[in-house]
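Worksheet: one structure, shown below.
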Amino acid sequence: MEYNERMGAIECILFVSGDPVPIIELQRAIGVTDIEMEHIIRSMDELYKREKRGIQLFITAETMQLVSNKEYTRYVEELVQPVQSKSFSQSMLETLSVIAYRQPVTKADIEAVRGVRCEYAVGQLMKLGMIRELGRKNVVGRPMLLGTTDAFLRHFGIRSLSELPQLSEIENAETEENDNTEDKASD
Amino acid sequence: MAYEVHLKEFDGPLDLLLHLIEQAKVDIKDIFISEITNQYLSLMEELDELDMDTASEFLTMAATLVYIKSRSLLPKPPKEAEEEEDPEEALVRRLKEYKLFKQAGEKLNELSAGMRGVFSRLPEEFALPPQEYELEQATAEELFAAFMDVLNREEPESSIPEIAKKVDADKYTVRTQLVKIRAKLKEGASVTFEELFEATSVKLEKIVTFMALLEMIARQEILLKQPTPYGRITITAYNLKEDDADAEYMDE
């Protein structure tokens, strides 16, 4: 298969699938090595961005998906009104941030930070597919260890957990604000 | 300073304390030299409006605040080397930590706002050929049933040796059978469960071969597939081990 055809095949699978597709499955389907796959993905991503295409690739560490280019959202909205996803409540966001930064965590760990029970928020986040069980902690009661999912990365538009805003930067931005300095932490 | 706050608006005692601290424009570490404890306690009158669980969370914090206040009125006991964390320090640490995650949550919200204009398609719907019934790993019961079949196929041992005087050394071990199975799998892509036992004649060999098979499943050297319920079980190589000198098997 030629290089262009490989890109075409990947694009075709992603179009038909709609949902995010695991990269290892794609790799198996077109039969290339890890390094080749990485190279193909990177050149596809660059190509789509360079040509300012209406369809862009959303790539995380595990999966790949075709998504609309948000630069053109206002034009889309001229014609159709896509359903906006609901935003999270404050308690869900706080719970999710503890899980995202501290994973793997137990419910007790989350409650220790927030000072309130978190069953409801955890249940909702599970239902929305933002978090999942990573295993059980080897202590009395064997509590569930929670962590974030690939869907979490996609919802927040980051490709890996390392792209989360740094906690130290959030802390520093706070102290700098108090000192009335203009130097804001870069995003 | 006249402002009204209601307990119901807050997501727990830490959230309320943080709000009072922000209103009073003081630093978290100065919480105990401000009016915040009094403000917090005056809000406890509204506790009746809350459900029991939430009320108890607020009440626990109220008790902590009163405890810290009462400690500050008493002369401090001499510090012991391995003392527990000072309740005052502990609360300041918890408040700071909570504030950090609250802010991180706000950052996450900003991130998701950035993704709000991004849409994806639903999967394409098209008729697929009927799905092949494939059990990725045949069940233990079926494996057992297949093994019993193999054992029963052999003619019943007609005669028990009259005098068993000699005990031979084990002719078949898991290790030797493992080598045989591996070699067989290297020859062809897959082998059926029955084929594996074709060459075996003695009951002991069958049993040891089966034990070796179980070992290989446990070590993820092979995959078992069964296309239909009660159908033929095929064995394919998955992660064959080349060298197992340091492995220990159940019959050793």
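The values are calculated or read from the model by the stated rules, or taken from the named source; none is laboratory data. This structure is a prediction, so every number in the text was calculated from the model and none was measured. Glycine also receives a Cβ, built like all others from the backbone with ideal geometry; neighbour counts cover every protein chain displayed.
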Pairs, first assigned by TED's automatic domain parsing to the domain that holds B:ILE181 in segment B:229-252, second loosely packed, with under 15 Cβ neighbours inside 10 Å and not in a strand (DSSP E or B), C-beta under 7 Å, six or more apart: B:THR236/B:ALA189; B:TYR238/B:GLN220; B:ASN239/B:GLN220
Residue that is farthest from the other protein chains (Cβ to nearest Cβ) [pool: residues in segment A:95-117 that are hydrophobic (A, V, I, L, M, F, W, C), farther than 17 Å from A:THR149 by Cβ and assigned to a helix (DSSP H, G or I)]: A:ALA108
Residue among B:LEU41, B:LEU74 that alone is at negative phi, at pLDDT 85 or above and aliphatic (A, V, I, L, M): B:LEU41
Answer residue from segment A:118-143, given it is more than 13 Å from A:ALA100 (Cα to Cα) and buried (at least 17 other Cβ atoms within 10 Å of the Cβ) and is farthest from the other protein chains (Cβ to nearest Cβ) among those: A:GLN124
Check on A:GLY31, surrounded by fewer than 13 Cβ atoms within 10 Å (Cβ to Cβ) and either within 14 Å of another protein chain (Cβ to nearest Cβ) or within 17 Å of B:PRO123 (Cβ to Cβ) (or both): no
Condition met for B:GLU85 (more than 7 Å from chain A (Cβ to nearest Cβ), assigned to a loop (DSSP other than H, G, I, E, B) and of a type outside the set (Phe, Trp, Tyr)): yes
Of the criteria (1) out of contact with any Leu (no Cβ under 9 Å at 6 or more places or on another chain); (2) modelled with pLDDT under 85, which one B:ARG121 fails: (1)
Options A:ARG117, A:ARG102: the member that is under 30 Å from B:LYS8 (Cβ atoms), of a type in the set (D, E, K, R), at pLDDT 90 or above and in contact with a helix residue (DSSP H, G or I) (Cβ under 7 Å, 6 or more places away or on another chain): A:ARG102
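Check A:MET64, A:MET44, A:MET37, A:MET7 and return the single one that is more than 14 Å from chain B (Cβ to nearest Cβ) and either more than 23 Å from the chain's Cα centre (by Cα) or assigned to a strand (DSSP E or B) (or both).
Going through A:MET64, A:MET44, A:MET37, A:MET7 in turn, just one is more than 14 Å from chain B (Cβ to nearest Cβ) and either more than 23 Å from the chain's Cα centre (by Cα) or assigned to a strand (DSSP E or B) (or both): A:MET7.
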Close pairs (7 angstrom Cβ cut-off, 6 or more residues apart or separate chains): assigned by TED's automatic domain parsing to the domain that holds A:VAL105 in segment A:141-157, among the small types (Gly, Ala, Ser) and in a strand (DSSP E or B) anywhere: A:LEU145/A:GLY135
Residue match in segment A:84-95 (condition: over 23 Å from B:ASP51 (Cα atoms) and of a type in the set (Lys, Arg)): yes
Residue check, A:MET92 out of contact with any Ser or Thr (no Cβ under 7 Å at 6 or more places or on another chain), part of a helix (DSSP H, G or I) and in contact (Cβ under 8 Å) with a residue 12 or more places away in the chain: yes
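Taking segment B:40-73 as the search range and keeping residues that are within 14 Å of chain A (Cβ to nearest Cβ) and exposed (fewer than 14 other Cβ atoms within 10 Å of the Cβ), which one is nearest to B:GLU9 (Cα to Cα)?
Filtering segment B:40-73 for residues within 14 Å of chain A (Cβ to nearest Cβ) gives B:40, B:50-65.
Pick out the ones that are also exposed (fewer than 14 other Cβ atoms within 10 Å of the Cβ) and you get B:51-53, B:56, B:60, B:63.
Values: B:ASP51: 14, B:MET52: 16, B:ASP53: 16, B:SER56: 16, B:THR60: 18, B:ALA63: 21 Å.
Going through the qualifying residues, I end up with B:ASP51.
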Filter result for A:PHE58 (among the aromatic types (Phe, Trp, Tyr) and either under 17 Å from the mean Cα position of the chain (by Cα) or exposed (fewer than 11 other Cβ atoms within 10 Å of the Cβ) (or both)): yes
